Structures are given as structure tokens and as C-alpha cells.
Amino acid sequence: MYSIKVTDIQKRYYLFNNPLEVLLSRIFPNKKVKEFFALKGVSFEAGIGETIGIVGHNGSGKSTLLQIITGVLQASKGDVEVNGRVAALLELGSGFNPEFTGLENVYFNASIIGLKRHEIDERLEKILAFADIGEFIDRPVKTYSSGMMVRLAFSVLINIDPDILIVDEALAVGDDAFQRKCFARLKELQAQGVTIILVSHSAGQVISLCDRAILLDHGDVLLEGDPREVIKHYHKLLNMEGLKRESYRNELQLHGFNATAASSTDEIDTQQQKVKTVNTPSESALWYDKNGAEISDPRIVDEEGEPVDVLKSAHRYQFQYRVKFSDDCFDVFLGMMIRNVAGFELGGATSAHDKSLIIQSAKRDDVIDVTIEFTCNLRNGTYFLNCGCFGTKDGKPTFLNRGVDILSFKVVEQNNISTGTVDFFPKYTVEKGILTP
């Protein structure tokens, strides 16, 4: 059973240079007019209780697709079937009248979705508590900041018991505390069996929240499946240009998750294969194009200098890699980042914080070996390592080379009842107290 079924959706726009061309197209209907397809035959199903993330560059058709699903736009071709009450936050301020107060907009917005007055009254306290905008609730929405507006809009949506929730990047506007509250609420809705369609540029959000992800590019569905794999290819495509990007895009359409960029990046892929044999590779490894330097031979070693991929909590290790420069570069610094399986960045290191470690000048063919020593303060689990080399080339600060999820490693510890991800190694002081009346 599905909540949403999208079948061969197309959205076509006619492009006119001036009003005269519009008039001529009406008089002469057979006259050829330039067309633009925002969507080109998009199809997918969302099951009941499933969360689907939609990713893609700006202009890929994500918002157009959501607007068609919610009925804001009409498709040029294809069908959309929706089973259940839909609540949608498509863009900042959508559904709000700027002249109305926040309270008036709560009733107005909720009534559009289908709630009766008494149903809104029953939910009002929860809506206002979640939005937490205080006295502004009685002021016109046109006086709101973008953060206040999204607080109120999202609060209305999640408190009307929707069967389907659709969110288009609007949560990126809120502050960190509000985003954390929103994601906690989304988890609750997932547990209640609500179907969620989420558009986001945040890899961590998509990987953490979604059961499935869809990659849209210029109106085409290039990939659909495991969120981590989709994000991996999305980021790779996002950092390509010109013929290289077009070649990789074609590979994705033809071969899906088995696509490689070998046809246009043979040298890079060859280097990656060489690197991957040195230590435990990550299946989601992504190497960005070289831009003046090349990172190779990444590995984690223990205090005896032996390569390891299983780390013990509270022990010291070294992350090592080599950098070879292909161009003259200046003010070079190196770094690392550790992420969890959800894609969240847990912490890392950069030599930029110590001026004595910044390489003032690196010449073509120079080679440096990087060692970053760290204490493994992580709990049991699987983690991923990023590395990067940043510097100034041709007068512009830029990444010279970097890799994402290049190594995976596991952490083990004897404490099986610990909680959280990071161990802060606290020191306890516990004293017996005397209660006084």
C-alpha cells in the first residue's frame, strides 16, 4: 500500500522572449515555441510510514515535484495519487497572509489543510508551545523574521495529525536549537507511521532521517535507493563541471549505483584504487578532483606503528597520509574529520590553528607526510575519516585535494552500558549527604 504514487510526471514550460511571441503562439498554435522541461518523466512510490529524501542541485526540479504532489502546480503529463491528509511546508511564508497576525494565520492555515474550528482550538496550545514565539503571535506576520515564520508554519503542520508531511528545505532557516526540536518531532511522526517527503541539501539529515533517497538532476531521476549511496554520487556529481559532469551523469542514468567516472577521470580512479589497498577502505569513499595536490596512502596506526582498523576507546592513535604537490602552493594546512554512520561530523583537527604548522610555500613535486595524533574518545560503533589539504593557489584560497569517508574503522570498549557517541572521560565525586527537613 502506498501513500503517494507518482507516475511519469512531466512539467513543461514555454519560453517567450516578449509578449508578441505569446500572442503569435495563440494565433498560430502550430508555430514552434521553445520549451523547457523542469521534470522529465519522474516516477516513484512512497509507502505508508516511509521517509524519502529528495536531493539535487538548485534547479534540478525538486520544488516543482513537491508542488505538483501537493496540487500547487499542475503537471503537463502524468498522474499523482495521494492517500491521506497532506501537510506541506514548501517555502518560507507559504500559506500565510502577511497582514494577518500569527494567531489568525494559525487558524487560516489549519483550516486550508482541512481542520474545523474546534479541532484547531484543541491543538492550539501545542502549536503555540512548539513555535515558542511569545507575544509575536499577536503581531502581523509581515513583522516576523524568517526564523519566526518557519517556527510557526512548521508547528502548525506537525500538530494537525497529517498522514503525509512534505518539507522543502524550510527547516534550514531555523536556529540549531529549533532544528534539533524539529528533527526530534520528525522522529516521533515516523514512529506514528506518517509518510514524510523531505527535500534537503544536508547529507546528515537525509542519511539520518530517510529510508530511501532520490537524486534529481535537470528533471531526471538519476538514482533511487540507499540514502548514503545516493548522497555519495550526488556529492561527486555536484563537484564536477562541463564534459566530465555530463559523462558521469550519463553513467548514472545507464548504470545506476554501479556507475564510475572512469570515462572522464581515469587518473583519479587509478589513484583511488591504489590508495584503497593501503588500509581498510570505506565503501562510500569519495575523492574530490586534484587542484594542485594529491593525497595518498591514508592509514590509521597504533602506538606501535601498526596499521589498524579496530580502535580501542581511550587509546592513542595516529592518522597518517601523504601529500604530493603538482603546483606551487602557499599557506598550506592539513586536516581530518571523523563522522558517524549518519553522516554527522563528530570532530577533527586542522593545522590552521597553529601558525608554526602552516606550510608557507610548497613547490611543484614537493612531498610531505602528515601525522595527526589523537585519542579515540568514541563509544562502540563504526566511523568514517575525511582528510583534506587546503592552501592558496594562483592567489586564491582553495581545497587542493580532499577525500570523504576514505577510511572506515570500528571502535570497541569494555563498558557495555555507556551511552552517547563521545566519551568525555568524566571524573566523579560522590559523597553521602544528609537530608534536612
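The values are calculated or read from the model by the stated rules, or taken from the named source; none is laboratory data. Not measured: the values here are computed from a predicted model. When we count neighbours, we look across all protein chains shown, and the Cβ atoms used for this are built from the backbone with ideal geometry, even at glycine.
Take the residues in region 95-107 that are assigned to a helix (DSSP H, G or I) and either among the basic types (K, R) or under 32 Å from the mean Cα position of the chain (by Cα) (or both), then tell me which one is farthest from L165 (Cα to Cα).
If we take residues in region 95-107 being assigned to a helix (DSSP H, G or I) and either among the basic types (K, R) or under 32 Å from the mean Cα position of the chain (by Cα) (or both), then G102 is farthest from L165 (Cα to Cα).
All but one of (1) modelled with pLDDT under 95; (2) closer than 30 Å to K244 by Cβ; (3) surrounded by 14 or more Cβ atoms within 10 Å (Cβ to Cβ) hold for E283, so report the exception by its number.
It fails just one condition, (3).
Tell me, please, whether a residue that is of a type in the set (G, A, S) and assigned to a helix (DSSP H, G or I) can be found in region 214-236.
Checking region 214-236: not a single residue is of a type in the set (G, A, S) and assigned to a helix (DSSP H, G or I).
What are the residues in region 184-232 that are of a type in the set (V, I, T) and under 25 Å from Y248 (Cα atoms), if any?
Of everything in region 184-232, those that are of a type in the set (V, I, T) and under 25 Å from Y248 (Cα atoms) turn out to be V199, V206, I207, I214, V221, V230, I231.
Within region 395-404, how many residues are in contact (Cβ under 8 Å) with a residue 40 or more places away in the chain and surrounded by fewer than 21 Cβ atoms within 10 Å (Cβ to Cβ)?
3
Residue-wise test of (1) farther than 23 Å from V422 by Cβ; (2) basic (K, R); (3) at pLDDT 90 or above.
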residue: Y317; (1), (2), (3): no, no, yes
residue: V323; (1), (2), (3): yes, no, yes
residue: F330; (1), (2), (3): yes, no, yes
residue: M336; (1), (2), (3): no, no, yes
residue: I359; (1), (2), (3): yes, no, yes
residue: C376; (1), (2), (3): no, no, yes
residue: N380; (1), (2), (3): no, no, no
residue: G388; (1), (2), (3): no, no, yes
residue: L400; (1), (2), (3): yes, no, yes
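When the residues of region 155-194 are filtered to those that are of a type in the set (D, E, K, R) and modelled with pLDDT of 80 or more, which remaining residue is surrounded by the fewest Cβ atoms within 10 Å (Cβ to Cβ)?
The extreme case among them is E188.
Here is a list of conditions, (1) in contact with a Pro (Cβ under 6 Å, 6 or more places away or on another chain); (2) surrounded by fewer than 17 Cβ atoms within 10 Å (Cβ to Cβ); (3) under 23 Å from P397 (Cβ atoms), and K355 meets all of them except one; can you say which number that is?
Status for K355: all satisfied but (1).
Within region 128-154, can you find the residues that are assigned to a helix (DSSP H, G or I), at pLDDT 85 or above and among the β-branched types (V, I, T)?
I137, V141, T143
Filtering region 108-122 down to residues that are of a type outside the set (G, A, S) and part of a loop (DSSP other than H, G, I, E, B), which residue is surrounded by the fewest Cβ atoms within 10 Å (Cβ to Cβ)?
Within region 108-122, the match that is surrounded by the fewest Cβ atoms within 10 Å (Cβ to Cβ) is K116.
One line per residue, one yes/no per condition, for (1) assigned by TED's automatic domain parsing to the domain that holds K396; (2) in a loop (DSSP other than H, G, I, E, B); (3) more than 26 Å from the chain's Cα centre (by Cα):
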| residue | (1), (2), (3) |
| --- | --- |
| K324 | yes, no, yes |
| D331 | yes, no, yes |
| G335 | yes, no, no |
| I338 | yes, no, no |
| L346 | yes, no, no |
| A349 | yes, no, no |
| Q360 | yes, no, yes |
| D365 | yes, yes, yes |
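Inspect region 188-195 for any residue being among the charged types (D, E, K, R) and assigned to a loop (DSSP other than H, G, I, E, B) and give the result as yes or no.
no
Checking the conditions here, which among L15, L20 is surrounded by fewer than 19 Cβ atoms within 10 Å (Cβ to Cβ) and out of contact with any strand residue (DSSP E or B) (no Cβ under 6 Å at 6 or more places or on another chain)?
Testing whether each residue is surrounded by fewer than 19 Cβ atoms within 10 Å (Cβ to Cβ) and out of contact with any strand residue (DSSP E or B) (no Cβ under 6 Å at 6 or more places or on another chain) leaves just L20.
Go through region 246-280 and give me each residue that's assigned to a helix (DSSP H, G or I), modelled with pLDDT of 60 or more and of a type in the set (S, T, N, Q).
Those that are assigned to a helix (DSSP H, G or I), modelled with pLDDT of 60 or more and of a type in the set (S, T, N, Q): S247, N250, Q253, N258.
Is there a residue being touching a residue at least 12 places away in the same chain (Cβ under 8 Å) and either aromatic (F, W, Y) or surrounded by fewer than 14 Cβ atoms within 10 Å (Cβ to Cβ) (or both) anywhere in region 59-69?
Within region 59-69 (the criterion being touching a residue at least 12 places away in the same chain (Cβ under 8 Å) and either aromatic (F, W, Y) or surrounded by fewer than 14 Cβ atoms within 10 Å (Cβ to Cβ) (or both)), the answer is yes, since at least one residue qualifies.
Quick grid of which residues meet (1) assigned to a helix (DSSP H, G or I); (2) more than 25 Å from V80 (Cα to Cα); (3) not hydrophobic (A, V, I, L, M, F, W, C):
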site	(1), (2), (3)
Y14	no, no, yes
R26	yes, yes, yes
P29	no, yes, yes
E35	no, no, yes
A38	no, no, no
E45	no, no, yes
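Applying the selection to region 47-94, what residues are under 22 Å from Q192 (Cα atoms) and part of a strand (DSSP E or B)?
G47, T51, I52, G53, I54, E81, V82, V86, A87, A88, L89
Looking at region 342-375 only, could you name the residues that are closer than 23 Å to A285 by Cα and touching a residue at least 60 places away in the same chain (Cβ under 8 Å)?
Listed by number, the residues that qualify are A342, G343, F344, E345, L346, G347.
Could you please let me know if E125 is surrounded by fewer than 21 Cβ atoms within 10 Å (Cβ to Cβ), assigned by TED's automatic domain parsing to the domain that holds A46 and not in a helix (DSSP H, G or I)?
No; evaluated as a whole, the condition is false for this residue.
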